[in-house]
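Read the structure below first, then the notes.
The values are calculated or read from the model by the stated rules, or taken from the named source; none is laboratory data. Fair warning: this is a prediction, and the values are worked out from it, not measured in the lab. Backbone-built Cβ (ideal geometry, glycine too); neighbour counts: all protein chains shown.
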Amino acid sequence: MQYDNDYKPTKKEIANFPDLQNGPSSQINGSKVEIQQVGVHNFRLPLKYKTRDGKTIELETKVTGTVSLESHKKGINMSRIMRSFYEYKNDFFGIDCLEKILLTFKEKLPAFNAKIILKFSYPISQSSLRSDLNGYQYYDVSLCGELNKNGEFKKTLDFDFVYSSACPCSYELSEYAKSSRNRLAVPHSQRSVARISVEFDEDLWIEDLQNTCKNALQTETQVMVKREDEMAFAELNGAYLKFVEDAVRLLYEQLIKDRRIKDFRIICSHQESLHSHDAISVLLPPESQFSPDISHDIWSSLIHRS
């Protein structure tokens with residue numbers, strides 16, 4: 001057999017092609033039950049985003065797009081999700097654009113729920129602590145839009161912030177060893193990560209969340225470092241000692257004051273240098289709709305990120 005490079009089917013021919021996804025319910029294999037989410041995961045393309053200072057940035061983005069499927073329907077046309085998305089590929093991507101795409105999903109793929117997740121690494125320039133150096137810190141971000149059968153639109157954002165956590169207990173024991181026995185001791189610290197998940201209505205910039213985390217925790221990991229910066233970072237860790245319990249409470253103190261945020265969840269993981277296991281903590285405000293029960297996959301992704 002030889003591939004027919006010249007064949008271009010007509011619209012009439014295409015209309016007669018077999019279409020198993022949209023077949024009758026009699027062709028359903030297995031139980032005829034509703035599927036909550038079905039679609040495509042991690043297709044990639046470059047998308048344009050606006051920064052807080054009004055500039056434009058283009059970032060490689062991993063896209064997940066899903067819709068629900070009623071029990072009497074066999075399947076969906078997966079390519080329609082991607083094609084719906086590509087109609088807006090030249091727009092600036094933000095939460096308003098996601099709502100438009102979700103409405104397109106529901107129009108082309110009749111469903112009672114639709115969902116989009118955009119995952120990307122967002123660069124923010126960071127100045128060194130005492131020298132005159134600058135470098136880009138990259139933040140893992142997930143932007144999610146959900147549209148339900150009542151037309152209610154929900155928007156959430158996940159933001160990962162990597163910082164250093166110096167142990168208060170280790171610091172006190174090290175100081176005691178020096179003062180009581182004249183023994184040099186070095187308190188332990190470790191790279192740590194906070195994942196902030198927020199539901200919001202008003203404009204909320206990624207830069208705003210970065211500022212919130214930095215103001216709360218103070219000890220963000222550094223990009224460009226000379227000796228004077230390394231000294232400054234050691235001093236910062238000494239000034240802002242923190243257990244994982246302290247970290248989530250410090251972040252809570254900042255997030256609860258932001259009126260743009262309707263709901264939030266804080267997850268912190270301290271990848272211990274003393275232990276061969278991690279210290280973890282989850283904190284939600286009262287009556288939060290986020291789940292406090294975090295799956296193993298989320299913990300694994302936090303460990304991988306840091």
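You will find that of Ser165, Ser127, the residue that is of a type in the set (Ser, Thr, Tyr) and in the same structural domain as Arg227 (by TED's automatic domain parsing) is Ser165 and no other.
Scanning the stretch 44-79 for residues being farther than 22 Å from Ile124 by Cα and either free of Cβ contacts under 8 Å to residues at least 12 places away in the same chain or charged (D, E, K, R) (or both) gives a total of 4. Being of a type in the set (Val, Ile, Thr), surrounded by 12 or more Cβ atoms within 10 Å (Cβ to Cβ) and modelled with pLDDT of 80 or more is a property that Thr56 lacks.
In the stretch 117-128, the residues that are within 20 Å of Val198 (Cα to Cα) form Cβ pairs under 6 Å with partners that are among the small types (Gly, Ala, Ser) and assigned to a strand (DSSP E or B), at six or more places apart or across chains, as follows: Ile117/Ser142; Lys119/Ser142.
For every residue, the table says whether it meets (1) at pLDDT below 90; (2) acidic (Asp, Glu); (3) touching a helix residue (DSSP H, G or I) at 6+ places or on another chain (Cβ under 6 Å).
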| site | (1), (2), (3) |
| --- | --- |
| Ile35 | yes, no, no |
| Glu60 | no, yes, no |
| Ser71 | yes, no, no |
| Gln126 | no, no, no |
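Here Tyr136 clears all of (1) farther than 21 Å from Ile280 by Cβ; (2) surrounded by 14 or more Cβ atoms within 10 Å (Cβ to Cβ); (3) in contact (Cβ under 8 Å) with a residue 60 or more places away in the chain except the condition numbered (2). In the condition set (1) buried (at least 17 other Cβ atoms within 10 Å of the Cβ); (2) at pLDDT 95 or above; (3) over 28 Å from Glu202 (Cα atoms); (4) out of contact with any helix residue (DSSP H, G or I) (no Cβ under 9 Å at 6 or more places or on another chain), Ser170 is compliant with all but (2). Figure legend. Inter-residue proximity from the stretch 272-289: first residues in the same structural domain as Ala194 (by TED's automatic domain parsing), second residues surrounded by 11 or more Cβ atoms within 10 Å (Cβ to Cβ) and among the aromatic types (Phe, Trp, Tyr), beta-carbon distance below 6 Å, spacing 6+ or different chains. Indicated pairs: Leu283/Tyr252; Leu284/Phe290. Taking only pairs six or more apart or across chains, which ones have beta-carbon atoms under 6 Å, a first residue in the stretch 189-216 that is over 30 Å from Ser276 (Cβ atoms), and a second residue that is in a loop (DSSP other than H, G, I, E, B) and of a type outside the set (Phe, Trp, Tyr)? Correct list of pairs: Phe200/Arg260; Glu202/Arg260; Leu204/Arg260; Trp205/Arg52; Glu207/Arg52.
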